[in-house]
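*Asks:* Please see the structure below; I have some questions.
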Amino acid sequence: MTSLYKSLHDSYVSNKPRSSSWWTLAGILGALTVLGILLAIAVLERPTCSRDHEMLPEDPGEGSLTLDQCRMVLVESIPQHMAYKANVTFGIPLETVWKDLLSVAAVQVDVASFYWTLTSEDISINSSSDKAGREILEQFGALPSRNVSVRLVTSIPSVKTNSTDLKVLKQKGVHVRKVNFGRLTNGVLHSKFWVVDRKHVFIGSANMDWRSLTQVKELGTVVYNCSRLAEDLLKIFQSYWVMGHVNSSLPQPWPSTYDTTINKQHPLLVKADNLSSSLYLTGSPPPFCPLSRTDDLEAILSIISEAKRFIDISVMEYFPVTLFQKPNRYWPFIDDVIRTAAFERGVKIRMLISCGRNSNRAMLPFLQSLASMDSPEQNISIQIKIYIVPLGNQSDIPFSRVNHNKYMVTDEMAYIGTSNWSGDYFSNTAGVGLVISQRAPHIVWKTEALQGQLGAVFNRDWYSQFSVRLRDLEHRPDCSMSPSHKVT
């Protein structure tokens with residue numbers, strides 16, 4: 001990996017304004033389509049992700065059928081004081097799911113998160129909206145007294161806070177390790193997932209932060225009673241855990257115990273009544289993935305490339321560059337396949353990009369460049385909207401009031417991840433994703449299929465009063481990309 005950067009801040013901790021030279025570069029690149037010479041250079045820098053996965057001896061070859069129920073449920077957190085119109089789809093509240101998982105835990109809980117701040121004192125403010133975070137912190141602390149083993153893995157360097165969460169939990173018998181991704185890969189541990197009793201899984205955009213429960217818009221999924229998937233995710237957790245040892249070093253290759261039989265070529269097959277699903281986990285960065293694991297970037301590129309009719313993307317950040325290397329590098333891989341899908345195959349593209357008061361306003365030229373391709377006369381459809389969470393009277397809460405989602409849904413597949421969409425997140429930063437492809441009759445699709453629910457949530461947000469087109473950003477003070485936004 002050639003990527004170098006000092007620190008990768010999470011969604012609501014980073015995004016400081018760039019220098020004038022950065023703005024010049026962003027403006028030039030944003031106006032360009034993909035030039036051949038830049039592609040030739042960029043390909044040399046592409047993370048190792050497209051590869052033929054090793055066929056393991058126990059691998060059936062076409063996919064592995066599980067007898068587990070593997071019930072997948074959409075999970076969301078909608079910030080306080082946001083009112084949608086009636087009769088729209090919502091996921092189960094994140095607070096409800098986390099508390100439920102902690103209540104049913106009987107043997108083991110393993111959690112990976114970028115950082116922990118479950119009380120408002122952790123960020124030196126006083127807010128009653130941290131009540132849910134406090135309750136969840138208390139539930140975690142009670143697990144060892146119920147003879148439930150708890151392992152928490154987080155990142156070094158982490159977000160600078162006054163948090164004592166992990167110290168308090170260690171005193172109550174919780175096992176904690178911090179991984180120095182800066183030393184190992186020049187990145188951070190940005191994954192966000194839970195594994196409970198080796199059979200229940202949560203993956204999504206939410207860190208262990210009280211703001212994720214009440215002040216930030218989050219999205220993920222909980223998969224109940226799916227031991228095959230849970231055991232596979234535990235292999236990723238274990239790779240973090242062993243790298244949390246002092247002076248650890250990345251094995252090349254990873255020992256066979258970290259291999260997986262579940263990947264893009266051989267997904268896990270789940271059949272329940274009239275709903276059939278295939279799913280697999282992805283991982284990044286490449287040095288943390290055995291050859292049998294589908295790389296996160298590889299999955300995203302293939303999902304976009306295999307879409308036939310539409311691609312709906314909702315991410316907090318979208319940059320076809322690296323943000324934290326010095327110097328920044330052009331990184332067009334996702335951007336290229338989006339343009340190709342729209343231009344060559346007539347796939348309809350909709351992108352919902354987040355904007356808050358701390359968002360990186362240098363995104364705008366790149367988004368404008370993509371949107372400029374939209375041409376109904378040539379059957380090219382690329383529509384982009386900006387999703388703005390109203391600040392309201394919550395201005396005293398830093399790095400909040402933002403859409404933190406990281407997902408994509410197409411006519412063929414759905415993807416729920418933990419990474420923002422810029423180069424650094426896929427080359428040297430730890431992230432995971434869940435890829436799902438489902439088939440069901442229409443009535444089942446609307447009520448039971450996660451893929452169908454995800455599409456309904458995207459439509460809800462796309463047509464909501466919180467989404468605005470690029471040309472309508474003029475008077476949006478809660479969005480850093482708006483000309484009327486005042487930098488404080």
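The values are calculated or read from the model by the stated rules, or taken from the named source; none is laboratory data. Note that the coordinates shown come from a computational prediction; the quantities given were computed from them, not determined experimentally. Neighbour counts are summed over all protein chains in view; Cβ atoms, including those assigned to glycine, are modelled from backbone coordinates with ideal geometry. Remember, those area values only see protein heavy atoms, side chains included, never the ligands or the DNA or RNA. Shrake-Rupley method; radii C 1.70, N 1.55, O 1.52, S 1.80 Å.
*Asks:* How big, in percent, is the set of alpha carbon pairs in region 267-349 lying more than 21 Å apart?
*Replies:* That tail contains 46 percent of the Cα-Cα pairs.
*Asks:* Which of rounded, prolate, oblate describes region 316-363, given a ≥ b ≥ c as roots of the alpha-carbon gyration tensor eigenvalues and a/c under 1.5 marking rounded, otherwise prolate only if a/b is larger than b/c? Provide the component values of the computation, followed by the final result.
*Replies:* Numbers: a/c = 4.57, a/b = 1.42, b/c = 3.21.
Because a/c hits 1.5 or more and a/b fails to exceed b/c, region 316-363 counts as oblate.
*Asks:* Work out the FRET efficiency for K326 and K446 from their Cβ-Cβ distance, taking R0 = 45 Å, and round it to the nearest 0.05. Working shown, then result.
*Replies:* Values: r = 49 Å, r/R0 = 1.08.
About 0.40, to the nearest 0.05.
*Asks:* Something else about it: Can you work out ³J(HN,Hα) from phi for every residue in region 89-98, in order, using Karplus 6.51 cos²θ - 1.76 cosθ + 1.60 and θ = phi - 60°, giving whole Hz and x for Gly and Pro?
*Replies:* Per residue, the Karplus-derived 3J(HN,Hα) values read 7, 10, x, 4, x, 4, 4, 4, 5, 4 Hz.
*Asks:* Ok, one more. So who's got an amide H within less than 5 Å of the one on V321, skipping anything under 5 residues away but keeping other chains? H placed 1.01 Å off N, in plane.
*Replies:* Distant-sequence amide H within range of V321: W331, G423.
*Asks:* Among DSSP beta bridges lying fully in the chain, give the percent that are antiparallel, nearest 5.
*Replies:* On the way: 50 of 84 bridges.
DSSP beta bridges in the chain are roughly 60 percent antiparallel.
*Asks:* Something else now. Could you give each residue of region 423-434 its phi-based ³J(HN,Hα) in whole Hz, using Karplus coefficients 6.51, -1.76, 1.60 with θ = phi - 60°, and x for Gly or Pro?
*Replies:* With the stated coefficients, region 423-434 comes to x, 4, 5, 9, 9, 8, 10, 6, x, 9, x, 10 Hz.
*Asks:* Something else about it: To the nearest 0.05, how large is the calculated FRET efficiency for R134 and Q108 if R₀ is 25 Å and r is the Cβ-Cβ distance? Kindly include the intermediate steps, with their values, before the conclusion.
*Replies:* Working: r = 24 Å, r/R0 = 0.95.
Taking R0 as 25 Å, the efficiency between R134 and Q108 is 0.55.
*Asks:* Once amide H atoms are placed 1.01 Å from N in the peptide plane, what residues at a sequence separation of 5 or more from S64, or on another chain, have their amide H within under 5 Å of its amide H?
*Replies:* For S64, whose amide H was placed from the backbone, the distant partners under 5 Å are L268, L269.
*Asks:* Let me ask you something else. Where does the chain land at 222 nm, in deg cm²/dmol rounded to the nearest 500, when only DSSP H runs of n ≥ 4 count, each adding -39500 (n - 2.57), divided by all residues? Could the numbers behind the result be given before it?
*Replies:* Working: 14 runs with 136 residues, N = 488.
Calculated mean residue ellipticity at 222 nm is -8000 deg cm²/dmol.
*Asks:* Which whole-Hz ³J(HN,Hα) couplings does region 441-458 yield from phi under the Karplus relation 6.51 cos²θ - 1.76 cosθ + 1.60, θ = phi - 60°, glycine and proline marked x?
*Replies:* For region 441-458, the Karplus curve yields x, 4, 5, 6, 4, 6, 9, 10, 6, 4, 4, x, 5, 5, x, 5, 5, 4 Hz.
*Asks:* Counting C-alpha atoms alone, how compact is region 126-265: give Rg to one decimal and Dmax as a whole number, in angstrom.
*Replies:* Values for region 126-265 (Cα only, Rg and Dmax): 16.1, 50 Å.
*Asks:* Put +1 on the Cβ of every Lys and Arg and -1 on every Asp and Glu Cβ in region 247-406; which of P287, I311, S249 then has its Cα farthest towards the positive end of the dipole?
*Replies:* So the residue furthest toward the plus end is I311.
*Asks:* In Å, what is the Rg of the alpha-carbon atoms in region 207-364, and how long is Dmax?
*Replies:* 18.4, 53
*Asks:* Follow-up. Let me know the charge dipole size of region 168-289 about its Cα centre in debye, to the nearest 20, where only the beta-carbon of Lys, Arg (+1) and Asp, Glu (-1) is charged.
*Replies:* Numbers: 14 positive and 7 negative charges, 68 e Å.
Using only the charged Cβ atoms, the result is roughly 320 debye.
*Asks:* Hey, if we sort R460, R183, R345 by accessible area with the 1.4 Å probe, largest down, what's the order? Before the final figure, lay out the partial values.
*Replies:* Numbers: R460 15, R183 120, R345 95 Å².
Ranked list, largest accessible area first: R183, R345, R460.
*Asks:* Here's a follow-up. Can you give me the long-range amide H partners of S155? Hydrogens built in the peptide plane at 1.01 Å from N, cutoff under 5 Å, separation of 5 or more residues or another chain.
*Replies:* Residues meeting the amide H criterion: V179.
*Asks:* Further, regarding this structure: Which whole number of Å³ per residue matches the convex hull of the alpha-carbon atoms in region 345-488?
*Replies:* Working: hull volume 22.9 nm³, N = 144.
Considering the Cα atoms of region 345-488, their hull volume per residue is 159 Å³.
*Asks:* Which number do you get for Rg(Cα) / (2.2 N^0.38 Å) in the chain?
*Replies:* On the way: Rg = 21.2 Å, N = 488, 2.2 N^0.38 = 23.1 Å.
Scaled against compact globular proteins, the figure is 0.92.
*Asks:* With charges only on Cβ, +1 for K and R and -1 for D and E, what is the dipole size of region 239-348 about its Cα centre, in debye, rounded to 20? Could the numbers behind the result be given before it?
*Replies:* Values: 10 positive and 11 negative charges, 30 e Å.
Approximately 140 debye in magnitude.
*Asks:* Please give me, ordered by residue number, the chymotrypsin sites (Phe, Trp or Tyr not before Pro) of region 201-245 that lie in loop per DSSP and have at most 13 other Cβ atoms within 10 Å. Walk me through the numbers on the way to the answer.
*Replies:* Numbers: sites: F202, W210, Y224, F237, Y240, W241; in loops: none.
The qualifying sites: there are none.
*Asks:* Strictly greater than 12 Å: what percent of every Cα pair in region 185-232 meets that? Don't jump to the answer; show the numbers that get you there.
*Replies:* Working: 736 of 1128 pairs.
So the portion of pairs separated by more than 12 Å is 65 percent.
*Asks:* Nothing charged except the Cβ atoms of Lys and Arg (+1) and of Asp and Glu (-1): what's the magnitude of the dipole of the chain about its Cα centre? Round to the nearest 20 debye. Let's see the in-between values first.
*Replies:* Numbers: 49 positive and 45 negative charges, 212 e Å.
Charge dipole, the chain, about its Cα centre: 1020 debye, nearest 20.
*Asks:* Let me ask you something else. Give K85/K199; K178/K406; K235/K406 a once-over and call out the pairs whose C-alpha atoms are over 26 Å from each other. Before the final figure, lay out the partial values.
*Replies:* Values: K85/K199 36 Å; K178/K406 24 Å; K235/K406 22 Å.
Violating the 26 Å Cα-Cα cut-off are K85/K199.
*Asks:* Next up: According to the square roots a ≥ b ≥ c of the eigenvalues of the Cα gyration tensor, what is the shape class of region 398-444, taking rounded for a/c under 1.5, prolate for a/b larger than b/c otherwise, and oblate for the remainder?
*Replies:* Numbers: a/c = 3.44, a/b = 1.71, b/c = 2.01.
In terms of gyration-tensor shape, oblate.
*Asks:* Ok, one more. Which percent of the accessible heavy-atom area of region 147-249 goes to carbon and sulfur, probe 1.4 angstrom?
*Replies:* Details: 1570 of 3400 Å².
Of all accessible area on region 147-249, carbon and sulfur atoms account for 46 percent.
*Asks:* While we're here: Any idea what log10 I(q)/I(0) is at q = 0.19, 0.23 Å⁻¹ for region 405-488, Debye with uniform C-alpha scatterers and no solvent?
*Replies:* Those come out to -0.97, -1.06, one per q.
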